[in-house]
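Reviewing the structure listed below.
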2 protein chains.
Amino acid sequence: MEKILVLGAGRSAGSLIKYLLEEGKAADWQITVADYALQLAEEKVQGSHIATAVAFNINDEAQRTALIYAHDVVVSMLPAKFHPMVAGLCLQAGKHLFTASYVSDDMRVLDEAAKKKGLLFLNECGLDPGIDHMSAMKVIDHIRKDKGLDLYAFESFTGGLLAPDPNDDNPWQYGFTWNPRNVVLAGQGTVKFIQEGKYKYIPYHRLFRRHEMIHIPGHGYFEGYANRDSLKYMDVYALHNIQTLFRGTLRRPGFTKAWDVFVQLGATDDTYEMEGVPEMTHRQFINSFLSYNPTDSVELKLAHYLGLDREGPEIHALQWLGLFEEEPVGLMKGTPAQVLEQILKKKWTISADRKDQIVMWHLFDYKENGKMKRIRAAMVATGESASQSAMSKTVGLPLGIAIKRFLNGEIVSRGVQIPILPEFYQPILDELQTQGFQFIEEEIELD
Amino acid sequence: MEKILVLGAGRSAGSLIKYLLEEGKAADWQITVADYALQLAEEKVQGSHIATAVAFNINDEAQRTALIYAHDVVVSMLPAKFHPMVAGLCLQAGKHLFTASYVSDDMRVLDEAAKKKGLLFLNECGLDPGIDHMSAMKVIDHIRKDKGLDLYAFESFTGGLLAPDPNDDNPWQYGFTWNPRNVVLAGQGTVKFIQEGKYKYIPYHRLFRRHEMIHIPGHGYFEGYANRDSLKYMDVYALHNIQTLFRGTLRRPGFTKAWDVFVQLGATDDTYEMEGVPEMTHRQFINSFLSYNPTDSVELKLAHYLGLDREGPEIHALQWLGLFEEEPVGLMKGTPAQVLEQILKKKWTISADRKDQIVMWHLFDYKENGKMKRIRAAMVATGESASQSAMSKTVGLPLGIAIKRFLNGEIVSRGVQIPILPEFYQPILDELQTQGFQFIEEEIELD
């Protein structure tokens, strides 16, 4: 009997736990689901006889030590900042660790020690990072290993979106399907990528104006804006001779220009506390970034300041969010980013029956027999509901599948890993496909 | 005999040391000028029999301790980061300290201990901060104490500029009269001020587009853009009921829109190292912030990206700086800000005979007998040469005068101070006036 400990039973852990409960019956697993909120853990366990829900406080050293020592495999769905602590304990106790988070420097340094103890610390095994790595490496390995050719260009975009709904008048076609704070802060820092052999940099305040349009057959157009540091994928995927390397985020058309209003105003700034937040209204929040002018309206000042049409789609998008209302923000203090998040939550919090949609798109260019060829691969996954969301499934299933394959003895890698080796991506992508998460690939010849 | 130690003999210390040498003869002072570069210290001492030049390494604990213990008064013209260390030693040794730098938190906490030991730690006693405090507080005290009235609005602008020169074709009318790195990084962070009772915020990427024009009779028009945090002057000057409080920086017309090109590109970013700096040319530097496009020129891409006229003054200003040349940058590594500084130094380093100009301008509004009144005060000071610059004099003379008055026993304040009390500003402003640094005040009644 294998004992699996799941730390964290929040929204993104739902599909993972469901998968483990289903697979665990035949495989004779014993699963413990631990969360600060016992009720959350109990909801996820659903009375399964192979699972136990426990109330858990990560800051309780005795409890976290005892729990980790009592299991064979640990899956951490906790906020990423806790992973080094959990990993340290796993190392000490000799337990394997699985996460969907980026490998931090604190995690990376444990590689050798984990290898020495024969432990696997698998990270970045969710959606993004996760499925992006696996689906990209499958094609990259095909071009490099099967064909023996070099990659000329690689672009990759992912978006966590709302599924299209004709009855929804939300002009953003966007809602909070994941952490609202991360949505507000998305894109901060400088973007770095390489295009046709030239290093390129985009500052945050220009990012949302430099999107490109991406078309996915059957799903229409999306706006893609660049992610922070694409250059690091030169190392991660060993793409050292590549001429174009670009990773980005997808939104529906119109989003980036409307969101850019907040960026231009400074409304996403998280570096200082605003004055007078307890009495502030939505309208006053916007006005605090505009010049003083006793005669013009906030709407007119905003349109004039940013060169927008007073009756155009960006002003309308802000209007739909209630940003011009004299409605109290409802916070006692906050940075601009915190105030904006609070206002956005009022309209972007999605109802329990609202379906989300995950869209992932890759482009690979390579030269074969003197001709430039392009492979495009796209996956579009639609959720069933807020609790059975596409986000939860695409984050949780890769982790669940990886754990199953690992416990079956099919994975031999040890140390700190991400799923870029065939022994990870092949079985995970295959099983995801049987669950309906499939990449549609097409190959064309460029002129 | 009083012993004065001057730490740092760089460009900004010239006028201070000259003043101390002149005043010190009659007053029987013994002056030590200490600098990492002995030659710099020797040049400043000019063979005076009351002064000694010494080679000095701030990181040599034994030397800095011995030097401070051997003097009565310490003036630190070192970079501000060393001031807490120097202040700590002064406290230990029981020595008074004078600086022209902002009071840091590390300095502020020494207030009580300095008072207990009967020591004066006078900071912010140069130009800006320094003369700005003194000239503003003189008028503020006049309105508040003499008239018993409240201030309604206070605005204050300072610029370290080049003196007008009809033979100079520099379209920026600007050069490095002070620290080039600080010029490149100027304005970073969020601007905060209050206008007509409303708190206002400007993000860095919008700062240089929101300048206002200021006219100084006899000197023409200047562009003023906001300094980082005007709100702190509510506490510093005790202006808690003020409706408008705005501090800013002056540049000559056309500067801010041309400088904004660098801000928009991200060329002043100091947070990451660029790739390929050793082989980079000026033109490639600019191109790295622009989209890839094999057919358009860098100039055209830049004009299009930022909505500028291809033949307009901003593109011309960059052209004058050589930014479109395929000339090697000449650095082995660097952030965008460091690369830009290196390029700017090639054209903005001023010749030894080039005169600089300091411009300071204040506005004070207050209500008297039901009528709103406005006082404007302006000082324009022109340097003699690069070594006898207006900057050096306006930074050094207030410090020198303060030291003289202190040693004469005319200053009774102790602890960590800035020159906002009459016992500081009155004698310093009076003596500055005899040296030709005079504020012209005018008062008008507003409609």
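This table checks each residue for (1) more than 14 Å from chain A (Cβ to nearest Cβ); (2) touching a Lys or Arg at 6+ places or on another chain (Cβ under 6 Å).
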site: B:Phe121; (1), (2): yes, no
site: B:Pro129; (1), (2): yes, no
site: B:Lys147; (1), (2): yes, no
site: B:Ser156; (1), (2): yes, yes
site: B:Leu162; (1), (2): yes, no
site: B:Pro166; (1), (2): yes, no
site: B:Thr177; (1), (2): yes, no
site: B:Val184; (1), (2): yes, no
site: B:Lys192; (1), (2): no, no
Residue satisfying condition, being closer than 30 Å to A:Gly436 by Cβ and β-branched (Val, Ile, Thr), within set A:Ile358, A:Ile286, A:Ile343, A:Ile315:
A:Ile358
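Quick check on this structure: which one of B:Asn179, B:Asn170 is among the polar types (S, T, N, Q), open to solvent by 30 Å² or more (accessible area, probe 1.4 Å) and not assigned by TED's automatic domain parsing to the domain that holds B:Ile68? Show your work before the answer.
Details: B:Asn170 fails: open to solvent by 30 Å² or more (accessible area, probe 1.4 Å).
Residue meeting the stated conditions: B:Asn179.
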Boolean, B:Gly130 is open to solvent by less than 10 Å² (accessible area, probe 1.4 Å) and either on the phi > 0 side of the Ramachandran plot or without any contact (Cβ under 8 Å) to a residue 24 or more places away in the chain (or both)
yes
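Sort out which residues of segment A:53-86 are in a helix (DSSP H, G or I) and β-branched (Val, Ile, Thr), and write them in order of number. It would help to see each step written out before you state the result.
Kept after step one, since they are in a helix (DSSP H, G or I), are these residues of segment A:53-86: A:61-69, A:80-86.
Within segment A:53-86, A:Thr65, A:Ile68, A:Val86 meet the criteria.
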Select, from B:Glu368, B:Glu410, the only residue that is without any contact (Cβ under 8 Å) to a residue 60 or more places away in the chain and either farther than 17 Å from B:Gly126 by Cα or out of contact with any helix residue (DSSP H, G or I) (no Cβ under 7 Å at 6 or more places or on another chain) (or both).
B:Glu410
Residues in segment A:191-201 that are in contact with a Gly (Cβ under 7 Å, 6 or more places away or on another chain) and surrounded by 18 or more Cβ atoms within 10 Å (Cβ to Cβ): how many?
1
Across segment A:204-224, what is the number of residues that are open to solvent by 10 Å² or more (accessible area, probe 1.4 Å) and within 13 Å of chain B (Cβ to nearest Cβ)?
7
Step by step: first the residues of segment A:208-243, then only those that are within 24 Å of A:Met379 (Cα to Cα) and acidic (Asp, Glu), then the one that is modelled with the highest pLDDT. Which residue is that?
A:Glu223
For segment B:255-373, which fully contained helices (runs of 4 or more DSSP H) count at least 3 residues that are within 13 Å of another protein chain (Cβ to nearest Cβ) and open to solvent by less than 10 Å² (accessible area, probe 1.4 Å)?
B:255-265, B:336-348
Check whether at least one residue in segment B:87-94 is modelled with pLDDT of 95 or more and open to solvent by 50 Å² or more (accessible area, probe 1.4 Å), and report yes or no.
yes
Away from chain B (no Cβ under 12 Å) and modelled with pLDDT under 95, is that true of A:Gly248?
no
Within segment B:26-41, identify whether any single residue is open to solvent by less than 60 Å² (accessible area, probe 1.4 Å), outside the structural domain of B:Arg181 (by TED's automatic domain parsing), in contact with a strand residue (DSSP E or B) (Cβ under 8 Å, 6 or more places away or on another chain) and touching a residue at least 60 places away in the same chain (Cβ under 8 Å), and answer yes or no.
yes
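The values are calculated or read from the model by the stated rules, or taken from the named source; none is laboratory data. Remember, predicted model here, so these are calculated numbers, not experimental data. FYI the Cβ positions are ideal-geometry reconstructions off the backbone, even for glycines, and counts take in every protein chain you see. The protein model used for the area step is the full one, side chains on, heavy atoms only, and it has no ligands, DNA or RNA in it. Shrake-Rupley method; radii C 1.70, N 1.55, O 1.52, S 1.80 Å.
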